[in-house]
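**Student:** Starting off with a structure, shown below.
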Amino acid sequence: MKPVKREILIANVYDVASARQAGGQLAEQAGLNITQKHCVMTSISELAANIFNHAGRGNITMSIVSRPDGNKGIEVVALDRGPGIVDTNLAMQDGYSTTGSLGGGLPGVNRLMSEMELSSTPGKGTVVRALKWVDELPLLLQSHLNERSNQTAQSGNE
């Protein structure tokens with residue numbers, strides 16, 4: 001039986017690639033399609049690079065998970081004990097960067113994955129938990145459908 005959980009220590013740039021590859025393998029095992037697999041791999045690359053660049057070291061844990069309805073997916077947890085993020089709301093805005101980069105990393109992970117939670121304590125570290133489900137519509141499509149539904153409901157109330 002293939003493993004359903006992998007933990008990768010992120011301590012150098014090569015570990016970023018190892019985490020990405022392991023995540024791709026688990027995504028395939030979970031039944032994600034090729035596009036979903038690449039969303040997971042890109043998100044893992046971003047989270048692992050953040051660990052290496054901001055904290056120096058930490059862990060990426062990837063697991064195949066399932067919901068009570070039988071839907072499978074992959075959970076990615078990035079954990080470090082680095083300097084933490086002072087303003088997590090600001091860190092989730094496109095274009096915000098503390099290093100002079102384009103500032104698309106965490107907001108990009110949020111868009112690529114089905115769910116994402118960010119928790120950080122300055123001076124203690126950061127935890128990001130992200131999930132990608134097999135049956136989820138991409139977040140942009142879900143948002144678009146919700147927006148259209150709200151517009152339709154509003155026009156019906158006028």
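The values are calculated or read from the model by the stated rules, or taken from the named source; none is laboratory data. Being a predicted model, the structure only gives us computed values, none of them experimental. As a convention, Cβ positions derive from the backbone with ideal geometry for all residues, glycine included, and neighbour counts pool all protein chains shown.
**Student:** Can you go through ASN110, ASN89 and tell me which one is modelled with pLDDT of 70 or more, closer than 21 Å to HIS38 by Cα and in a helix (DSSP H, G or I)?
**Tutor:** After applying the criteria, what remains is ASN110.
**Student:** If you go through the range 9-29 one residue at a time, do you hit one that is in contact with a strand residue (DSSP E or B) (Cβ under 8 Å, 6 or more places away or on another chain), within 16 Å of VAL109 (Cβ to Cβ), part of a strand (DSSP E or B) and in contact (Cβ under 8 Å) with a residue 40 or more places away in the chain?
**Tutor:** Yes, the range 9-29 contains a residue that is in contact with a strand residue (DSSP E or B) (Cβ under 8 Å, 6 or more places away or on another chain), within 16 Å of VAL109 (Cβ to Cβ), part of a strand (DSSP E or B) and in contact (Cβ under 8 Å) with a residue 40 or more places away in the chain.
**Student:** Now, a different point. Restricting the range 20-38 to residues that are aliphatic (A, V, I, L, M) and more than 12 Å from VAL4 (Cα to Cα), which is surrounded by the fewest Cβ atoms within 10 Å (Cβ to Cβ)?
**Tutor:** ILE34
**Student:** For the range 54-64, indicate whether the set of residues that are assigned to a loop (DSSP other than H, G, I, E, B), at pLDDT below 95 and either of a type outside the set (Asp, Glu) or exposed (fewer than 15 other Cβ atoms within 10 Å of the Cβ) (or both) is non-empty.
**Tutor:** Looking for residues that are assigned to a loop (DSSP other than H, G, I, E, B), at pLDDT below 95 and either of a type outside the set (Asp, Glu) or exposed (fewer than 15 other Cβ atoms within 10 Å of the Cβ) (or both), one finds at least one in the range 54-64, hence yes.
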